[in-house]
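To start, the structure itself, in structure tokens.
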Amino acid sequence: MPGTHRSPTHGGCPWFLARDPEKRTPLEAETIELTGPVDRFSLDIDFAVRFRGFAPVVPPAPRPASRVMPRGTVAYWRFDSSGLTGAGTAGSAVAAGTVARDLSGHGNDLRVQLLHDSASKALTWSGDHHTEQPAHASLRFDGGKSPDRGAILTTTAQAPLNSLTFTSGFTIETFIKLPEPFEGDHAWMGILSWEGRNGDAGKTTGWSTEEPTCSLNVTPERFLQFVLYPHVQDADPTSWSHALPVGRWTHIAVVNNGHRTVMYVDGSKIARNPSQSATGIATLGKPFVIGGTQFAEQYGQGFYGWIGDTRIVNRALAPKDFMAPSA
């Protein structure tokens, strides 16, 4: 609180006070609390002045794309002026067809698409961001159900990312923030995915052959769900997080070393990672998407919340190499 405040002080011995009174010696009882005129006093403290050396915490400055593209980066998108046309006006609609450039230089640009009959404000620009995020910008998605609505960003049909299988491993990272209050039904909304049916990749073991081959979603309980149909195995190893908080940013990293997948939330390995082997992603040459997940090759709702920098690397990264190394 601003201004000067008075802090009363008195002399005493906490160790004596904590002892059983029946076991105190006469001397202990006499000196347990000092009550003389010099033992009780008050101090006037201006806390803002006294502790100004500790605050405010200076947030990190934005980091250029060149500093956050380690060896093996195949795609990197950010939504500041370096990566998105028309960035910079908070709350402004991001129109259909707007391009988010792939700053890795590999040609995996994303284009905005409005789902169903969604209004233009289904996707807006925001300066909100995770403290450790390289770019100080994000996109606000206003997806939902009844009726289905939202916006997605997709690669083109010819993008190299559509067909990469990542058999040597991968690291997929993103930043998200769920609104507070978290209103409406958003069960199983997608954060990112590849389009297509896992059944068309010859997979038979999953919940449904209509699921895409790789997707990151939010469950009704706000758990993260990462479902992977590997390029090699006929399996669907799935990672599940704890319930995500609302009203604050979360960093997510999904890491595969060519044998097994591990999800990290805010730099910590989650408890419910699969033990099944998983080599690669059974991509089908179809677009990669931010902001939604298909079922039976159709979109329902879109994502509800903010999404920030998103990066894909073709090898397993250690947590110290994440975009938010101190998350």
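The values are calculated or read from the model by the stated rules, or taken from the named source; none is laboratory data. Small disclaimer: the values here were computed from a predicted structure and weren't measured. Positions of Cβ are backbone-derived with ideal geometry, glycine not excepted, and every protein chain shown enters the neighbour counts. Just the protein is used for accessible areas: all its heavy atoms, side chains included, with ligands, DNA and RNA removed. Shrake-Rupley method; radii C 1.70, N 1.55, O 1.52, S 1.80 Å.
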## Note on the structure
Mean-square fluctuation maximum in Gaussian network of the chain, Cα pairs under 10 Å, restricted to 21, 56, 64, hits 21
## Note on the structure
Restricted to pairs 8 or more residues apart or on different chains, the lysines in the chain with C-alpha atoms under 18 Å apart form a number of pairs equal to 4
### Cleavage-rule hits (chymotrypsin sites (Phe, Trp or Tyr not before Pro)) in the stretch 127-199: DSSP loop, at most 16 neighbouring Cβ within 10 angstrom
182, 188
## Note on the structure
Under 5 Å from the placed amide H of residue 73, counting only residues 5+ away or on other chains, we find 314
### Query
For the charge dipole of the chain, defined by +1 on Lys and Arg C-beta atoms and -1 on Asp and Glu C-beta atoms about the Cα centroid, which residue among 182, 153, 135 has the Cα displaced farthest towards the positive pole?
135
### Accessible surface of residue 177 - all protein chains present, 1.4 Å probe, nearest 10 Å²
30 Å²
### Task
Measure off, as a whole percent, the carbon and sulfur share of the 1.4 Å-probe accessible area of the stretch 170-222, all protein chains present.
45 percent
### Message
What whole-number distance in Å separates the alpha-carbon centres of the stretch 61-116 and the stretch 251-327?
### Response
18 Å
## Note on the structure
Between the modelled labels at residue 23 and residue 81 (7 Å from Cα along Cα→Cβ) the distance in nm is 7.1 nm
### Task
State, to one decimal in nm, how far the label point of residue 204 lies from the label point of residue 48, with both points 7 Å from Cα in the Cβ direction.
7.2 nm
### Query
From the backbone phi of the stretch 80-92, what are the Karplus-calculated ³J(HN,Hα) couplings (6.51 cos²θ - 1.76 cosθ + 1.60, θ = phi - 60°) in whole Hz, Gly and Pro given as x?
8, 5, 6, x, 9, 5, x, 5, x, 10, 4, x, 6
### Message
Around residue 118, under 13 Å between beta carbons, what's the net of Lys plus Arg minus Asp minus Glu among the other residues?
### Response
0
### Message
Report the Rg/Rh value for the stretch 32-190, based on alpha-carbon coordinates and the Kirkwood definition of Rh.
### Response
1.22
### Query
For residue 210, what is the net charge nearby, where nearby means another residue's Cβ is under 15 Å from its Cβ and Lys, Arg count +1, Asp, Glu -1?
-2
### Query
Using 1/(1 + (r/R0)^6) with R0 = 22 angstrom and r between the beta carbons of residue 248 and residue 268, what's the FRET efficiency to the nearest 0.05?
0.90
### Query
Rank 136, 251, 259, 231 by accessible area, highest first, at a 1.4 Å probe radius?
259, 231, 136, 251
### Query
From the backbone phi of the stretch 117-122, what are the Karplus-calculated ³J(HN,Hα) couplings (6.51 cos²θ - 1.76 cosθ + 1.60, θ = phi - 60°) in whole Hz, Gly and Pro given as x?
10, 5, 6, 4, 7, 5
### Message
Quick check on the stretch 212-317: take the gyration tensor over C-alpha atoms, sort the square-rooted eigenvalues as a ≥ b ≥ c, and tell me if it's rounded (a/c under 1.5), prolate or oblate.
### Response
oblate
